[in-house]
Each structure stands twice: as C-alpha cells, then as structure tokens.
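A.B. asks: Structure in structure tokens, see below.
Read the figures in this text as sums done on the coordinates, not as results from a lab. The model shown is predicted, which means the values in this text are computed figures rather than measured ones. Using ideal geometry, Cβ is built from the backbone for each residue, glycine included, and neighbour counts are taken over all protein chains shown.
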C-alpha cells in the first residue's frame with residue numbers, strides 16, 4: 001500500500017514540475033495530498049494562518065507578547081527554561097517596540113515526542129499549544145513558544161510558534177541541520193538568536209510565502 005501511495009505522489013510531483021507557470025496553482029492542488037500526508041494542515045487552516053500572520057505583521061510593534069519558557073530537550077532531559085525566554089526577549093527587544101514578558105509557570109501540556117517526521121510534529125504540537133492558549137487565556141495579544149531539541153551539546157531541531165490571543169497560529173516554523181548545520185551549540189544564546197532573527201526576517205515576507213497555499217512552497 002505504501003509503495004502504491006508513493007508512486008501516486010511521485011506521479012503528482014512529476015506532473016506538477018511539468019506544468020507551465022500560469023498553472024502553478026493547479027500544481028499546488030496536485031501536490032496537496034503529499035503535503036497533507038507529510039503533516040501539513042488543511043488549506044482552510046493555512047488560510048486562517050495567513051490572515052493571522054498578516055495581522056501579526058501589522059500589530060506586533062504595539063502588542064503585548066507573552067514569551068513562554070523555552071522547552072529545552074538535551075537527550076533525555078526535558079525542562080521549561082524561563083532564562084532562555086528572557087534571552088529571546090533580549091534579542092527581540094532590539095528589533096521591535098512590542099512589550100515582551102515571560103509568564104510563569106510553564107504551560108501544562110502533554111509530553112512531547114518528536115519522532116521522525118518533524119513537519120508532522122510541528123503542526124501536532126501547534127494544536128497542543130493552541131488548545132492550551134484557548135483554555136488558559138494567558139495575558140498578552142500574542143503568545144510565543146519555542147523549543148530547542150538537542151543531544152550531546154548540539155542542536156538537532158528548533159520549533160517556533162506564535163499564537164494570537166484566540167489560540168490561532170500566526171507563525172509556525174521548524175529548523176534543523178539543513179538551516180543551521182550539524183554543529184550549532186545547544187548551550188548559550190546562539191539557537192535563540194537564530195530563531196529570533198529568522199522570525200523577524202519572515203515578518204518582512206508575504207504571508208503566502210510563510211504559509212503556502214495547499215502547503216506547497
């Protein structure tokens with residue numbers, strides 16, 4: 001069954017690549033099942049994300065932002081670190097006039113299991129955080145979560161989420177060695193500087209490039 005499904009996805013990719021530029025939207029539709037299979041949300045949810053991201057671009061400078069303690073994984077050690085959230089604020093504070101603060105305690109959410117599909121984990125974890133925001137109503141116009149996963153002193157994965165006060169995803173990004181290489185040190189502020197820099201770079205982009213239509217982009 002998996003082999004047959006893979007062939008269907010491969011055929012969709014090949015057909016999409018052969019299509020002319022005016023038909024790029026149709027290509028996205030063809031690749032939509034592949035994106036969904038790998039963990040991308042529905043197009044209706046992505047449309048909500050694009051709208052919320054656009055609002056974030058407009059509002060961030062005058063907003064109150066709750067930066068949650070960072071979920072820090074070092075091998076089998078998993079902790080929520082308010083000191084890393086403070087490091088995020090130091091970096092973000094020179095880029096924005098938003099009012100940043102670290103609420104305590106850390107959010108009470110289900111245990112995280114990364115697995116082998118980082119994209120699926122990203123969006124499933126986004127749903128977990130969204131439900132917590134809706135239930136806990138933390139003070140702030142936006143709520144910012146970050147995760148740093150590593151082992152033996154090196155970072156393997158970074159996840160960044162920003163939600164509006166309703167619990168709607170306004171920003172959602174994953175990073176791994178494809179973006180930062182195999183030797184990013186887990187200790188210190190470097191992983192946090194990276195995620196802050198990338199978020200503010202992304203805030204200059206079109207929402208459709210951050211949340212592509214049909215999850216294809």
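A.B. asks: Return a whole-number percent for the relative contact order of the chain, with Cα pairs under 8 Å and 6 or more residues apart as the contact set.
C.D. replies: 26
A.B. asks: Now for a separate question. Each label point is 7 Å from the Cα along the Cα-to-Cβ direction; what then is the distance between the points at residue 29 and residue 213, in nm?
C.D. replies: Once both label points are built, they end up 1.0 nm from each other.
A.B. asks: Compute the Rg to Rh ratio over the chain from the alpha carbon atoms, using the Kirkwood formula for Rh, and round to two decimal places.
C.D. replies: On the way: Rg = 18.0 Å, Rh = 18.3 Å.
That ratio is 0.98, to two decimals.
A.B. asks: Can you sort 128, 70 from fewest to most other Cβ atoms within 10 Å of each residue's own Cβ?
C.D. replies: Exposure proxy ranking, most exposed first: 128, 70.
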